[in-house]
1. Using Cβ counts within 10 Å as a stand-in for footprinting exposure, how do B:THR42, B:THR25, B:THR83 rank, fewest first?
2. Quick one: plug the Kirkwood hydrodynamic radius of segment A:172-257 (C-alpha pairs) into Stokes-Einstein at 20 °C, 1.002 mPa s, and report D in µm²/s.
3. Would you kindly derive the ³J(HN,Hα) couplings of segment A:237-248 from the backbone phi angles with the Karplus curve 6.51 cos²θ - 1.76 cosθ + 1.60 (θ = phi - 60°), listing them in order in whole Hz, with x for Gly and Pro?
4. Near the amide H of B:ALA169, under 5 Å away, which other amide H atoms are found, from residues 5 or more places off or on another chain, if H is placed in the peptide plane?
5. How are the Cα pair distances of segment B:139-194 distributed, in percent, across 10 Å bins from 0?
6. Quick one: 3J(HN,Hα) in Hz for segment B:54-69, Karplus 6.51/-1.76/1.60 with θ = phi - 60°, rounded, Gly and Pro as x.
7. Relative contact order for segment A:3-275 using alpha-carbon pairs under 8 Å, separation at least 6, rounded to a whole percent?
8. With the label 7 angstrom out along Cα to Cβ, how close does A:ASP121 come to the same site in each of the other copies, in nm, nearest first?
Protein chains: 2
Amino acid sequence: MLENISSTKVSGGWHKQYTHQASSTHCAMRFAIFLPPGASETNKVPVMYWLSGLTCTDENFMQKAGAFKKAAELGIAIVAPDTSPRGENVPDDENYDFGQGAGFYVNATQAPYNVHYNMYDYVVSELPALIEAHFPVTSKKAIAGHSMGGHGALMIALKNPKQYVSASAFSPIVNPINCPWGEKAFSNYLGGDKASWLEYDSCELMKKAIAEDYLPMRIDQGEADNFLAEQLKTEHLFAVVNEKDYPAEINMHAGYDHSYFFISSFIDEHLMFHQKYL
Amino acid sequence: MLENISSTKVSGGWHKQYTHQASSTHCAMRFAIFLPPGASETNKVPVMYWLSGLTCTDENFMQKAGAFKKAAELGIAIVAPDTSPRGENVPDDENYDFGQGAGFYVNATQAPYNVHYNMYDYVVSELPALIEAHFPVTSKKAIAGHSMGGHGALMIALKNPKQYVSASAFSPIVNPINCPWGEKAFSNYLGGDKASWLEYDSCELMKKAIAEDYLPMRIDQGEADNFLAEQLKTEHLFAVVNEKDYPAEINMHAGYDHSYFFISSFIDEHLMFHQKYL
């Protein structure tokens, strides 16, 4: 059962938050949806799923990205899930980069995380089914995200190229198996066998992609991003894109950092990018 | 001395935060400035001052309004002060609607508030002098705000009609002497003599305005705003506007509430409104 917990008019459309008991994560999950003006059962709209980064909830993007004016104009719904399971019974960690707020969009295989930390199934299967059953949307889906959520968006699109028309990311962790954030998360959620990590690594997935599964991608990365060298490693994806001739546009931006100020500067371009395929 | 505490590229321009020891409020004050792309000593830009509402700092508008794309396009700088003096030595109150975060843009006359709570002088005199001395801006100023800050913007413009080219407000407290928020703040900051309150009440100031001091105003108010009936009382200003034939456009919006989702929906229109006069 969906429980509506807020409903706010914005840019002629509506921003609404819901909670529901999720079967994939075995806890109550909150998500937010933006419905553009005119969306109705007789005028269904496509959806851009937005995956947020470390520490975020469904609220960061919705409050700070400044996306609604363009999404309203283009007629695109936006759905933002939380970034992890939550609750007193959900294992957590005292650091910001693991546990609650840091689900990394994988299905955990290791105890005690494997009961709740199944964000991959939640985002890929449970949430879209719920959205398509309860809201005036089509089955056309794009996926986008920021940082850990940029990893999630690219990785999920690469693993499910028929389910999404396009994918985009701001400041994504493109090669989690080769950076401290990813190594910490994957070793705890997936265990020590690094072969299992490859299934959630965008660089590795893109290396294995076959041309008929290619889908359009756009990546924007700030050059003044403090996490670029150690965690994000955009150049690793760039090398694979070149090697595979993958249709991914990678835009480097002088002066921009890792914050929502960067996202707000280019979110309209991402919405227009997805609109070409939705 | 201005101390820079953050500098972030956004929409081709820069968002920067500073602190300085303020002589009007006798404490360290933080403010934020957005400088549009191309602003320089040889290409100075006009400024829109933004006054925020109860509980806010300089950050709420800058993070949530989605104003930078349009401000960049129009070449308008935006300056957002804090909403009160702050610090351990600054008298506070346990409630959200008085004390720190709730300066109401007046000069307090009552102890213990009269030492620090001089936000009127800070916003009208000290801050603009500082901004014009240290940043590539012209002396052309518009003023805008939300809720308590909407009260501040309209009141300050009415008291200083030669200093600002235009004023605008979202969801303003238009008649603070006749609402609980205003009565609480004014009785504590200004004392029991209600004659002294009239000097900070937009309805009362507009009643006394002479035609040569009229300046263009724009007010936007959501009809689903929970504070409309008890605190904001837009209809009181509407009556004075009609009586005086004051050039204030008041737009009521069905369905919108008191939040930044409302502000983000119409901030572009406010920037374009001010641009006509800046």
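1. B:THR42, B:THR25, B:THR83
2. 157
3. Rounded to whole hertz, the list is 6, 4, 5, 5, 4, 5, 4, 8, 6, 6, x, 10.
4. Counting only residues 5 or more places away or on other chains, the set is B:GLY145, B:ARG218, B:ILE219, B:ASP220.
5. Pairs per bin, as whole percents: 26, 45, 25, 4.
6. Here the 3J(HN,Hα) series is 3, 6, 7, 10, 5, 8, 4, 4, 5, 8, 10, 7, x, 8, 6, 4 Hz.
7. Dividing the mean separation by the residue count of segment A:3-275 yields 17 percent.
8. Inter-copy label distances (nm, one decimal, shortest first): 6.5.
A short reminder: the numbers here are calculations on the coordinates, not readings from a lab. Note that this is a predicted model, so its numbers are computed, not measured. Neighbour counts are summed over all protein chains in view; Cβ atoms, including those assigned to glycine, are modelled from backbone coordinates with ideal geometry.
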